[in-house]
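Take a look at the structure below.
The values are calculated or read from the model by the stated rules, or taken from the named source; none is laboratory data. Only a predicted model underlies this, so the values are computations on that prediction, with no experimental measurement involved. Every residue, glycine among them, receives a Cβ derived from its backbone with ideal geometry; neighbour counts consider all protein chains shown. What goes into the accessible areas is simple: the full protein's heavy atoms, side chains included, and nothing from ligands, DNA or RNA. Shrake-Rupley method; radii C 1.70, N 1.55, O 1.52, S 1.80 Å.
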Amino acid sequence: MTSTPTTPPRPFDVTTVFPHLAPLARTATRLHPRPGVPSPQDSSIGGPLLWPADEPWPHCDGPHVVDGINPALSPADVRLERRIRAASRSRALTTQERETLERIRHPQEYPLEPAIAPYEGSIAMLPVAQLYTRDVPDLHTPDCADLLQVLWCPFDHPAMPKTALFWWSAATVTDILATPPEPPAMQFDGYLPEPCLLNPEQVTEYPDLRELSKELQEQIGDWSLWQAADTGVDSAYASYPPDFYGNELSVAPGWRVGGWPSWGATDPSPLLCPTCDSDMDALLTIATSEAGRDSSWLPHEEPAHEPLIGFNPTAVQIGSGYDQQLYVCRTAPEHAHTELMA
């Protein structure tokens, strides 16, 4: 049995070397999702929601386009395929299982069909995350709300799923929707999260290097300062010490709430609320992986030989391995949110 995932201490306290970082520290809550059987009363990824029975289930009106390369699969078929693949890790496939896999992903015929839009009308959205404030210290909700639910449409809009946020007071939800609708198909199987329970843990983060002042960037890039502080940083970083700061000391990888933005695919830019022009804060990072195998962020008690648990327990994949980040208005989280890929 695996014990609670815990982030190893950072290699050293970066503020002792660069004290101007101290006032920029922010906490984030790493969620550490792990396969489980969550209930509607649990904080979870991909689990059942505490959804009011008298509230309409969210749908997306499209457009929903698939191509001839990636077949649109139903959630039921994706779950069945995953069960068969998991079983085959310890034994050979049966004839029936092989036939089932071929039915789910029938052999491609060339030339491939051109892009089509087979699903007119609305698509039921899928649960992505359910977070109770009692479990997630860095989750800041609107007044009187203590529960956040995140759902998405399992089609690209245009490069990642379109999300919807719902804030509730859990005590007011007394009659729960027992069987929510599911979409007839989804664009990628990586858009169906595996049910996971959470192991929330607060960590301290510092800004992406590109968000720092020019003076501080220059200091972090000065290898002699790292040497003088006797930090023990591997000399492999001597040619570009900012890589060590970015990889090991600034923003945590994986699913997390709050903290600093991670600017992987785009340069830092001001994020303003589309409703009121107020500043926006990081709400939730939806991650493709927990941490790289050689990363010091990889939690303790993590069996490195088990990649499903160690690196992608939710089975979510954004693009070719990106994260999807959600941001909300600092003054009114219930305002329209913003999405970025990083």
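Contact map, the range 190-215: first residue farther than 27 Å from residue 268 by Cβ, second residue small (Gly, Ala, Ser) and surrounded by fewer than 19 Cβ atoms within 10 Å (Cβ to Cβ), Cβ cut-off under 8 Å, separation 6 or more or different chains; pairs are 195/36; 196/36; 197/36.
Remark: residue 191 falls outside the filter, which requires a residue to be touching a Phe, Trp or Tyr at 6+ places or on another chain (Cβ under 8 Å), open to solvent by 20 Å² or more (accessible area, probe 1.4 Å) and either of a type in the set (Phe, Trp, Tyr) or not assigned by the TED database to the domain that holds residue 19 (or both).
Kindly establish whether residue 291 is of a type in the set (A, V, I, L, M) and out of contact with any Leu (no Cβ under 8 Å at 6 or more places or on another chain). No; evaluated as a whole, the condition is false for this residue. In summary, residue 216 fulfils each of the numbered conditions (1) modelled with pLDDT under 95; (2) over 27 Å from residue 290 (Cα atoms) with the single exception of condition (1). Residue 25 fulfils the conditions (1) open to solvent by 50 Å² or more (accessible area, probe 1.4 Å); (2) modelled with pLDDT of 95 or more; (3) more than 22 Å from residue 146 (Cα to Cα) except for a single criterion, (1).
Within the range 173-188, the residues that satisfy the criterion of being in a loop (DSSP other than H, G, I, E, B) and either open to solvent by 60 Å² or more (accessible area, probe 1.4 Å) or in contact with a strand residue (DSSP E or B) (Cβ under 6 Å, 6 or more places away or on another chain) (or both) are 173, 174, 175, 178, 179, 181, 182, 183, 184, 187, 188.
Being at pLDDT 95 or above and either within 26 Å of residue 142 (Cβ to Cβ) or open to solvent by less than 30 Å² (accessible area, probe 1.4 Å) (or both) is a condition met by no residue of the range 261-270. Evaluated against (1) touching a helix residue (DSSP H, G or I) at 6+ places or on another chain (Cβ under 8 Å); (2) over 30 Å from residue 74 (Cβ atoms), residue 211 falls short on exactly one condition, (1).
Being within 30 Å of residue 174 (Cα to Cα), in contact with a Pro (Cβ under 8 Å, 6 or more places away or on another chain) and open to solvent by 70 Å² or more (accessible area, probe 1.4 Å) is true of residue 35.
Only residues that are assigned to a strand (DSSP E or B) and in contact (Cβ under 8 Å) with a residue 12 or more places away in the chain were counted in the range 224-275, giving 3. Scanning the range 1-19 for residues being in contact (Cβ under 8 Å) with a residue 12 or more places away in the chain and over 16 Å from residue 246 (Cα atoms) gives a total of 8.
Here the condition is being in contact with a Gly (Cβ under 9 Å, 6 or more places away or on another chain), open to solvent by 30 Å² or more (accessible area, probe 1.4 Å) and either at pLDDT 90 or above or among the polar types (S, T, N, Q) (or both); of 222, 243, 281, 277, it holds for 281 alone. Listed by first and then second residue, the pairs linking a residue in the range 290-318 that is under 23 Å from residue 341 (Cα atoms) and open to solvent by 60 Å² or more (accessible area, probe 1.4 Å) to a residue that is at pLDDT 90 or above and outside any loop (DSSP other than H, G, I, E, B), with Cβ atoms under 7 Å apart and 6 or more places separating them unless they lie on different chains, are 317/190. Per the conditions (1) in contact (Cβ under 8 Å) with a residue 12 or more places away in the chain; (2) part of a loop (DSSP other than H, G, I, E, B); (3) not charged (D, E, K, R), the sole criterion not satisfied by residue 39 is (1).
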